[in-house]
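Derivation of every value follows stated rules applied to the coordinates shown; laboratory data play no part. Since the model is a prediction, treat every value here as computed from it, not as a measurement. Neighbour counts run over all protein chains shown; Cβ positions are idealised from the backbone, glycine included.
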Amino acid sequence: MVEHYSRRVSKPFEVSRVVTILVACLLLNLTTSAQTKPVRRILILNEVGPSYPLIRLVDEGIRSALTGAPYEIEFYREYMDTVAFPDPADQRVIREFYLRKYANRKPDVIITVGSSPLHFMFDTHKTSFAGVPVVFCFPNAPSNDGLSLDTDFTGIDNDIASGSTLAVALRLLPDTLHVVVVSGIAPYDLRQLARVKEQLKPYEGRLDISYLTGL
């Protein structure tokens, strides 16, 4: 068996074929190495699940913005589902799961979409994600939520304008007497509702304002 094999590979045609394959493999490895981009992990923490149109739009915007980046991007998408699971005990379980999940696989950047993910990062960043930059979007202005963010956090403040909206409505319908505010009971909804109530205080003596929640 061994002697027969030796005779086969000693033929000029077979040797040439083997050399050709080895050279091709070497060139392929060199080309692959030259084209390999450094990997960057991006963790996207969403307030609600992927069934919400806003989440899909944000995700598309993130992917579009990173097109042509000099990195191989790995996306990790997580959902805190505060609308479906608003109970604080459930949210603690969700938080603890994500902390364990990424304990040994730190992302390079964290993007928070909504107030609850931003609060989550604010509470755990120094102990679990120290040094990892956080980009936030779609929260209330963080200062309005009582958050004093350090230099690892950046984003664009977004705020609702219930007072201004009502002012415009009253100019259009000056005889308005009753105003109804409809809200959910998820943590995000309750924070939004607190801002709405604060902004509508100047109208309380003039209008009958009712707040309907949890319907």
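Values computed for the structure shown
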read-out	value
Convex hull volume of region 76-215 per residue (C-alpha atoms, cubic angstrom)	123 Å³
Set Lys37/Lys106; Lys101/Lys126; Lys37/Lys126 screened for pairs whose C-alpha atoms are more than 21 Å apart	Lys37/Lys126
Difference of contour (0.36 nm per residue) and Cα-Cα distance, Phe75 to Thr176	31.5 nm
Relative contact order (%) - region 161-215, alpha-carbon pairs under 8 angstrom, separation at least six	52 percent
Estimated dipole of region 105-186 in Debye, rounded to 20 [Cβ of Lys and Arg +1, of Asp and Glu -1, Cα centre]	160 debye
In order through region 76-88: 3J(HN,Hα) via Karplus (6.51 cos²θ - 1.76 cosθ + 1.60), integer Hz, x for Gly, Pro	10, 10, 10, 9, 7, 6, 5, 6, 6, 10, x, 4, x
